[in-house]
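S.K.: Mind looking over this structure? Questions follow.
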Amino acid sequence: MSMDLIERTIRVTWHHRVFFADGIFDPASTVLLDVLRGDNDDSPNRALIVLDESLAAIMNYFTPHADALALVGPPIVCEGGEPTKASWSQVTAIHAAIDRHHIDRHSYLIAVGGGALLDMVGLAAATAHRGVRHVRVPSTTLSQCDSGVGVKNGINAFGKKNFIGTFSPPFAVINDFQLLSTLSPRDARAGFAEAVKAACIRSREFFEVIERDAACLAHFEPTAMRELIRRCAELHVNHIAASGDPFEFGAARPLDFGHWSAHKLEQVSNFTLRHGEAVAIGVALDVIYSRRAGFLAAAGAERVLGLLEALGFELFTPDLLREDSSQGLLVLCGLDEFREHLGGSLAITLLRAIGDGFEVHEMNPALIRESIRELHVRHRARQGAKPTSAP
């Protein structure tokens, strides 16, 4: 039987823009208007706003700028954090508002909030009309460092993190440092873990900057936080633009260093463990594994662990010891879920040195257990208590 074929290569150019500013919702600021300004300067841009429930006060910004930015209706106010990604219901509500207010592909869907809310709203934006213009305004350290400046959108399903999602670059990202001033210490700290992660696998120089500023960061000194966010976001965007695989068609996910266990720990804890806290533990686990496997020198491993602790992270959670009905560690299921998410082949990033990440394609469960035990012993020693038995 004969076969015919037409084949072409399709290239698409994306402009991924991340702006850094202060007080974009101050009535005197024109930053948001300048970002949105396009070909149609004579009439106001139409926009639908989705807000984290803690940020409702920013709505005072829009009244004096109605001639340039017309809100199609009241904001959609959503609960922040992982609960907003728990089902399709929030996505469906945004789809319905896009339809009701006739948001088209030249209008804007603006999301202001943390990483989970931006993930969910980004999914709605990418799937309405096959994509409407989406503007992200991350409001947490973690989202300004990492998730909010990326191109991923998604919600959780079937007990798995980000099972349903898309790759779709936003129209723009605006990091407003002033939004960080309202964060609790726990939420302000969370993004530091992603910065340490990025430095470990991409930049020894950045790692040394974080080490230098660790005491200032632990006290949330604004200048140090801004430099960390700017440098981490740049590493993230550079990877998306220059890695050759921005939509992860291959097996490698180097920016997910420490995440195979972090994602599972979030689920096992029923998301009482923040993403950044889980990433800190996941990075610590893979650093110890790298040292125990003979890849990473002990001094380098200790520098990473010590830095995470200096920034205020606990590097152990009892959820690391949770077992299934067969007495297997639940966290180890994260390897299989990670493998499936990657397309069937496991690719885990480990460390040869600070700033030098590399991939392995298998992990030794016994060595993982030993690494967990070491984290447990270290944690108990820091708590001033005698270690108890662990796997």
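Bear in mind these aren't lab numbers, they're just calculated from the coordinates by the rules spelled out. No experiment lies behind these values; they were computed from the predicted model shown. Every residue, glycine as well, gets a Cβ built from its backbone with ideal geometry; the counts of neighbours run over all protein chains shown.
S.K.: Relative to the longest principal axis of the C-alpha atoms of the chain, give the angle of the C-alpha long axis of helix 115-127, reported between 0 and 90° and rounded to the nearest 10°.
M.R.: For helix 115-127, the angle is close to 50 degrees.
S.K.: Considering all projection directions equally, how large on average is the shadow of the alpha-carbon convex hull of segment 185-382, in square nanometres?
M.R.: The orientation-averaged projected area of the Cα hull of segment 185-382 comes to 10.8 nm².
S.K.: May I ask you to evaluate 6.51 cos²θ - 1.76 cosθ + 1.60, the Karplus curve with θ = phi - 60°, for each residue of segment 210-225 and list the ³J(HN,Hα) values in order in whole Hz, giving x for glycine and proline?
M.R.: With the stated coefficients, segment 210-225 comes to 5, 4, 4, 9, 4, 5, 5, 5, 4, 9, 6, 5, x, 4, 5, 5 Hz.
S.K.: Ranking R204, R100 by Cβ neighbours within 10 Å, fewest first, what do you get?
M.R.: R100, R204
S.K.: At a Cα cut-off below 17 Å, give the lysines reachable from K264, other chains included and same-chain residues fewer than 8 away excluded.
M.R.: Reachable lysines: K85, K160, K161.
S.K.: Angle between the Cα long axis of helix 333-342 and the longest principal axis of the chain, 0 to 90 degrees, nearest 10?
M.R.: Roughly 50 degrees, rounded to the nearest 10.
S.K.: I need the shape label for segment 107-175. Rule: rounded when a/c is under 1.5, else prolate if a/b > b/c, else oblate, with a, b, c from the alpha carbon gyration tensor.
M.R.: Because a/c hits 1.5 or more and a/b fails to exceed b/c, segment 107-175 counts as oblate.
S.K.: Determine ³J(HN,Hα), in whole Hz, for all residues of segment 358-364 in sequence, where each value follows from phi through the Karplus function 6.51 cos²θ - 1.76 cosθ + 1.60 and θ = phi - 60°; x replaces Gly and Pro.
M.R.: Rounded to whole hertz, the list is 8, 9, 10, 10, 7, 10, 8.
S.K.: What's log10 of I(q)/I(0) for segment 283-386 at q = 0.16, 0.21 Å⁻¹, Debye sum over Cα points only, no solvent?
M.R.: Per q value, in the given order, log10 I(q)/I(0) is -0.77, -1.23.
S.K.: List the cysteines in the chain whose Cβ has no other cysteine Cβ under 4.7 Å from it.
M.R.: C78, C200, C216, C333
S.K.: Enumerate by residue number the trypsin sites (Lys or Arg not before Pro) in segment 272-360 meeting two conditions: DSSP loop (anything except H, G, I, E, B), and at most 15 other Cβ atoms within 10 Å of the site's Cβ.
M.R.: Here the trypsin sites (Lys or Arg not before Pro) that fit, given the DSSP loop and packing criteria, are R322.
S.K.: Could you please rank S345, S87, S290, placing first whichever residue has the fewest other Cβ atoms within 10 Å of its Cβ?
M.R.: Fewest to most other Cβ atoms nearby, the residues stand as S345, S87, S290.
S.K.: Moving on to the next point. Scan the chain and hand back the longest stretch that contains none of the GluC sites (Glu not before Pro) lying in DSSP loops with at most 13 other Cβ atoms within 10 Å.
M.R.: 8-361
S.K.: Something else about it: Residue by residue through segment 298-303, which ³J(HN,Hα) values in whole Hz follow from phi under the Karplus form 6.51 cos²θ - 1.76 cosθ + 1.60 (θ = phi - 60°), with glycine and proline marked x?
M.R.: Running phi through 6.51 cos²θ - 1.76 cosθ + 1.60 with θ = phi - 60° gives 4, 5, x, 4, 5, 4 Hz.
S.K.: Can I ask one more? For segment 215-311, state which chymotrypsin sites (Phe, Trp or Tyr not before Pro) are in a DSSP loop and have at most 15 other beta carbons lying within 10 Å of their beta carbon.
M.R.: F247, F249
S.K.: To the nearest 10 degrees, how steeply does helix 259-268 sit against the main Cα axis of the chain, on a 0 to 90 scale?
M.R.: Helix 259-268 sits roughly 80 degrees off the main axis of the chain.
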